[in-house]
Structure formats: structure tokens, C-alpha cells
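Take a look at the structure set out below.
Nothing in this text is a laboratory measurement; each read-out follows from the coordinates by a stated rule. Computed from a predicted model, the values in this text were never measured in an experiment. FYI the Cβ positions are ideal-geometry reconstructions off the backbone, even for glycines, and counts take in every protein chain you see.
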Amino acid sequence: MAAQQKLYEGKAKILYTTEDPDILLSYFKDDATAFNAQKRGSIAGKGEINCAISSHLFQVLEAAGVPTHFVDRLAPDQMRVKAVKIVPLEVVVRNIAAGSLCQQTGLQLGTILKQPLVEFFYKNDALGDPLLTPDRLSLLDLATTEQVAQMRSLALKINQILSAFFGQCGITLVDFKLEFGLDHQQRLLLADEISPDTCRLWDQAETDPQRRVMDKDRFRQDLGHVEAAYQRVLERVLGIGQFLTDD
Ligand code: UDP
């Protein structure tokens with residue numbers, strides 16, 4: 001199916017229309033950004049790696065009963081997806097304290113949370129993607145109360161499935177970000193991507209706080225070996241190279 005016109009270009013992906021109005025083509029770029037695009041760079045091979053990881057995880061989730069936008073992987077860096085209207089919320093689930101949770105609450109990096117924490121951020125670059133309170137969520141009317149409840153319960157279900165899946169790969173799922181979209185029937189589908197760009201993943205074979213990092217924090221914090229870490233996640237996810245230690 002030939003790509004037709006560019007519909008939207010984001011920081012990590014480009015969406016193209018196809019001959020079928022219900023199907024879009026998502027092209028995964030090597031471009032990397034962090035800190036609301038204040039830091040920019042490129043990670044060689046990232047597009048293909050993230051497309052492969054995301055495709056695999058979407059299939060794992062579909063098999064467990066989570067509705068997703070995934071159709072198929074058309075090329076190494078191209079995924080066909082169902083056309084949805086993205087809900088402008090970033091749904092973050094956390095199992096272990098890291099990133100903005102530590103910065104905003106003073107919790108120490110690595111603190112295991114009593115129960116998974118679900119947070120809703122407003123997907124709005126101009127405003128710096130602020131964390132929303134429940135009252136602000138209903139004030140902004142970005143989704144109905146039922147849709148918010150559904151996203152929360154899907155996010156927790158996804159966390160259970162992915163935590164178990166990554167656990168089998170020797171990887172701890174620290175936290176991750178989800179985006180949802182509504183299809184023509186107003187059905188909520190998991191959209192966007194699930195990859196080392198959108199998850200914090202720690203190698204269970206490593207105790208060193210820098211060596212264990214297998215995700216975009218390597219880029220954010222200039223830890224080096226970014227592509228190698230992403231590649232290792234892919235190998236673990238695909239069930240090859242399990243529990244390989246660092247070079
Ligand atoms: N995240 C993301 N996109 C964003 C913001 C966060 O994919 O625009 C992911 C991030 O990689 C991490 C989780 O969401 O896995 C929680 O991020 P956090 O709120 O701690 O913000 P950060 O420290 O990444 O800025």
C-alpha cells in the first residue's frame with residue numbers, strides 16, 4: 001500500500017495517509033528529542049528498532065485483549081495503524097520512582113511504589129505537557145469521565161501485561177507513557193508507540209544505576225551506547241540474546 005500524503009509530523013514519527021481512509025502509515029524516525037525538544041539528536045537505527053519493539057508489544061497486548069491501533073509492520077521502520085483521533089493526554093504509569101516524579105515529589109530514584117501510579121499529562125508542547133489534577137482534567141474536557149476511567153483501567157491492565165512480559169526478558173518496567181485514540185465508532189484504542197523512547201527499562205542483570213538503563217534516559221543524560229541499549233531491548237523482546245550482559 002503506497003504512502004500518499006503526509007498527515008502529521010511529530011518528533012519521532014511521521015503519519016501518512018493511505019488509499020484506505022481507515023488506515024494510516026506510521027513512519028518511525030531516527031530523530032530523538034528530550035526535555036520538550038530542547039535537546040535534539042539522532043539515534044542510528046532507532047526508527048527500525050522502535051518500530052519492531054512497538055509492533056511486537058502491540059501484538060502481545062492485542063493477544064491479551066487490549067484494543068490497539070496496530071495493523072501490521074509494513075517495512076522495518078513502517079507500521080500500518082488504524083486511523084484514530086488522538087486524545088491529547090499522555091497517560092503515564094509508574095512502578096518505580098524516576099524522572100519527573102522524583103523531581104516533583106522528592107521521592108528517591110528507584111523507590112518501589114506501593115501500587116502502580118497513573119498520571120494524566122496534557123499533551124501540549126506549548127504548555128510543556130503539564131500534569132493535570134482530576135478537576136483540571138474535567139475542566140478541560142479533553143475526554144469524557146467514562147473515557148478517563150477506561151484509559152486508567154486499560155493503563156493498569158497494560159502495566160500488568162507489560163511488567164510480566166519485560167520481567168521474562170530480564171527487564172524491569174519502571175514507568176511508561178501511553179496515548180489513546182478514538183476510532184470512527186468512538187472506540188478507545190491504544191495508539192502511538194511503546195518503545196525505549198516511551199518507557200523506562202532497567203536491565204535486571206545490572207545493579208549500577210547508569211549501566212542498567214536501557215531507554216531514552218541514556219540519550220537524555222548523555223550516558224552513551226544509546227543504540228546498543230535499544231538493540232538489546234529488541235533482542236530481549238524478540239527472545240534472542242536473553243540475559244546478555246553489557247560489553
Ligand atoms: N514520556 C514520554 N514522552 C513524554 C514524557 C514522558 O514518552 O513526552 C515517558 C518517559 O520516557 C518515561 C515516562 O513517560 O518513561 C515518565 O516520564 P516523566 O514524567 O518522568 O518525565 P521525564 O523525566 O521523562 O521528562
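Centre-to-centre, using Cα atoms only, segment 191-206 and segment 1-58 are separated by 17 Å.
Sorting V118, V92, V233 on the 10 Å Cβ count, fewest up front, what's the list?
On the way: V118 16, V92 20, V233 23.
Least to most surrounded, the residues fall as V118, V92, V233.
What is the pair-distance distribution P(r) of the chain, computed from all Cα-Cα distances in 5 Å bins starting at 0, with each bin given as a whole percent? Binned Cα distances yield the sequence 1, 6, 13, 18, 20, 19, 13, 6, 2, 1, 0. The string of couplings for segment 218-234 from the Karplus curve (6.51, -1.76, 1.60, θ = phi - 60°) is 5, 6, 4, 9, 6, 8, x, 6, 5, 4, 4, 5, 4, 4, 5, 4, 4 Hz, one whole number per residue in order, with x for Gly and Pro.
Mean sequence separation of contacting Cα pairs (under 8 Å, at least six apart), scaled by the length of the chain, corresponds to a relative contact order of 17 percent.
Per residue, the average separation of C-alpha pairs within less than 8 Å and at least 6 apart gives segment 113-152 a relative contact order of 26 percent. Rounded to two decimals, the Cα radius of gyration of segment 83-154 over 2.2 N^0.38 Å is 1.19. Treating r as the C-beta distance of C102 and D222 and R0 as 22 Å, the FRET efficiency rounds to 0.75.
Per the Kirkwood formula on distinct C-alpha pairs, the Rh of segment 1-146 is how many angstrom?
Details: mean 1/r = 0.0571 Å⁻¹.
After inverting the mean inverse Cα-Cα distance, the result is 17.5 Å.
Each 5 Å bin, from zero up to the one with the longest distance, holds this percent of the alpha carbon pairs of segment 129-247: 2, 10, 18, 19, 15, 12, 10, 8, 4, 1, 0.
Of the residues I112, I171, the one with the fewest other Cβ atoms within 10 Å heads the list, and the complete ranking is I112, I171. In terms of Cα atoms, the Rg and Dmax of segment 23-105 work out to 15.1, 42 Å.
Here the contact order of segment 104-247, divided by its residue count and restricted to Cα pairs under 8 Å and six or more residues apart, works out to 14 percent. Other residues within the sphere of radius under 15 Å centred on the Cβ of T172, judged by their own Cβ, net out at 0 (K and R +1, D and E -1). Net charge dipole, the chain: roughly 340 debye, given to the nearest 20, about the Cα centre with Cβ charges of +1 for Lys and Arg and -1 for Asp and Glu.
So which of K6/K29; K85/K157; K46/K123; K85/K177 end up more than 20 Å apart by C-alpha? Please report the intermediate quantities before stating the final value.
Working: K6/K29 14 Å; K85/K157 22 Å; K46/K123 23 Å; K85/K177 17 Å.
Those over the limit are K85/K157; K46/K123.
Taking θ as phi - 60° and the Karplus parameters 6.51, -1.76 and 1.60, the scalar couplings of segment 29-39 work out to 8, 7, 4, 10, 9, 8, 6, 6, 6, 6, 10 Hz in sequence order, x denoting glycine and proline. Neighbour counts of C-beta atoms inside 10 Å place M151, M79, M214 in the sequence M151, M79, M214, starting with the fewest.
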